[in-house]
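What follows is a single structure, written as structure tokens, with notes after it.
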Amino acid sequence: MTTLFKKIVIIGGGAGGLELATSLGRKLGRHKRANITLVDHNHSHLWKPLLHEVATGSLDEGIDALSYLAHARNHAFQFQLGSMIDIDREHKQVLMDEIRDEQGKLLVPARRLDYDILVMALGSTSNDFGTPGVKEHCIFLDNPRQAQHFHNEMLNLFLKFSAQGDLEEKVNIAIVGGGATGVELSAELHNAVQQLHSYGFKGLHQALNVTLAEAGERILPALPPRISAAAHQELTKLGVRVLTKTMVTSADAGGLHTKDGEYIQAELMVWAAGIKAPDFMKALVGLETNRVNQLVVEPTLQTTRDPHIFAIGDCASCAMPAGGVVPPRAQAAHQMASRAHGNILALLRGHTLKPYTYKDHGSLVSLSRFSTVGNLMGNMIHGSMMIEGRIARALYISLYRMHQIALHGYIKTGLIMLVDRINRVIRPHLKLY
């Protein structure tokens, strides 16, 4: 193989970025054909679709998170902790911000990383659309740190209620955004209070008042109406107050104001109403971005103005032949990582790069242990098929297992599954701290 490029830098260790670093490490790093470096501002990786479970305590991030350093050593790539602040395209360098501790003491000075191929895989953050008060009073669920913050606030709220012992009081939690995150968190909260009841938190199930506000005509707008309706029905059964056609115009310390003049009282508020790429992306010199800061890419996943810079996952805006753009889903990040892997190898070998084609295999939404709904799509079923219940739940879990297989292989993933089953027996069903 003729190696024209030797230094591959991947910014972002989410699902797509970590899978790409792992596959390139196995293919090139292990054989000393390229130097692969993964950059992330966190020490560990957690699959983003699981953050709502971390928020409620159904999942212990300390057990399920994957160490970047350890994984890099096992898969022949390097890991650097830090945050990218800019790109020097002329000298092919990534500018890295300095790292300071909690007291402000300098740990690592600002530095530069050389690259021959750069892959942007920064994912997305919540988009508050400039709504007044949201940043100050609502919690986002973009990373494990924010999910843990929600978990701590939730436990404090439940503890306060239990200590008061006033059964007339309500525990009000409001969630803005009827996408997968908002819907799954709503259901998971009801699972959490049922688990907490067995640990001495009495009366929570009757007192919990969860409101899910969606600006559109229905929740889960990206899914077919029949699936949206099924999820709506299940949430209503659980006791979730689902409000559609409800636009939140501002937030304050006591709740949310809506366009219709309603005030939704809440002691704990989550904003999950939209996504955007990180704000600094729109300032990257010379690269084309869209209105939500995503990097516009060619069908080959190369950025439109620099063939040596790729973008994958939620931070990439990739047009589909039939119109529209690839949706920000975990399956898209997984597919993009595979295509970017092949195209980077093609670039190294001087071969023609292939276009990425999004394959929609359907979507699944977990309503905790109460239900799972979704649809399957593909050649096997010649269209779309709605599924729910245990089959849907098994397929939902399999999506995470596929991600683990991409990172660890079949044998290690099997061992992880065994450990998970053991932990379900010896550990509490809910994280209580």
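A few notes on this one:
- Candidates per trypsin sites (Lys or Arg not before Pro) in the stretch 319-371, loop by DSSP, up to 14 other Cβ within 10 Å: K359
- Label-point gap, in nm, between R112 and N290 - each point 7 angstrom along Cα→Cβ: 3.3
- Restriction of the chymotrypsin sites (Phe, Trp or Tyr not before Pro) in the stretch 19-117 to DSSP coil positions whose beta-carbon has at most 14 other beta-carbons within 10 angstrom yields no sites.
- Set of the stretch 320-337 residues, backbone N closer than 17 Å to the point 7 Å along the Cα-Cβ line of H361: 327-337
- Chain lengthening between Q103 and N152 when straightened (0.36 nm per residue, less Cα-Cα): 15.4 nm
- Inter-label distance, Y199 to T352: 5.9 nm, where each label sits 7 Å from its Cα along the C-beta direction.
- Nearby aspartates and glutamates by direct alpha-carbon distance to K245 (threshold 13 angstrom, same-chain neighbours under 8 apart not counted): E214, E217, D260, E262
- Cross-link pairs beyond the 32 Å C-alpha cut-off, checked among K6/K105; K27/K105; K160/K237; K105/K160; K48/K359: K6/K105; K27/K105; K105/K160
- Theoretical gain in end-to-end length, R369 to H43 [0.36 nm per residue, Cα-Cα removed]: 114.3 nm
- Given the chain, longest segment not containing exposed loop GluC sites (Glu not before Pro) (DSSP; at most 16 other Cβ within 10 Å): 289-433
- Over the stretch 307-357, Cα pairs under 8 Å with separation of 6+ residues give a relative contact order of 30 percent.
- Spatially, the stretch 275-304 and the stretch 92-113 are offset by 24 Å when compared through their Cα centroids.
- Put in order of Cβ neighbour count within 10 Å, fewest first, the listed residues L243, L212 become L243, L212.
- Stretching the chain fully between R401 and N423 yields a gain of 6.2 nm (0.36 nm per residue, less the alpha carbon separation).
- Of the DSSP H helices in the chain, those whose Cα atoms cover at least 27 Å axially and whose Kyte score averages 0.0 or more: 330-349
Readers should treat all values here as calculations from the given coordinates under stated rules, not as data from a laboratory. A quick note: this is a predicted structure, and the numbers were derived from the prediction, not measured. Here Cβ is always computed from backbone atoms with ideal geometry, including for glycine, and neighbour counts include all displayed protein chains.
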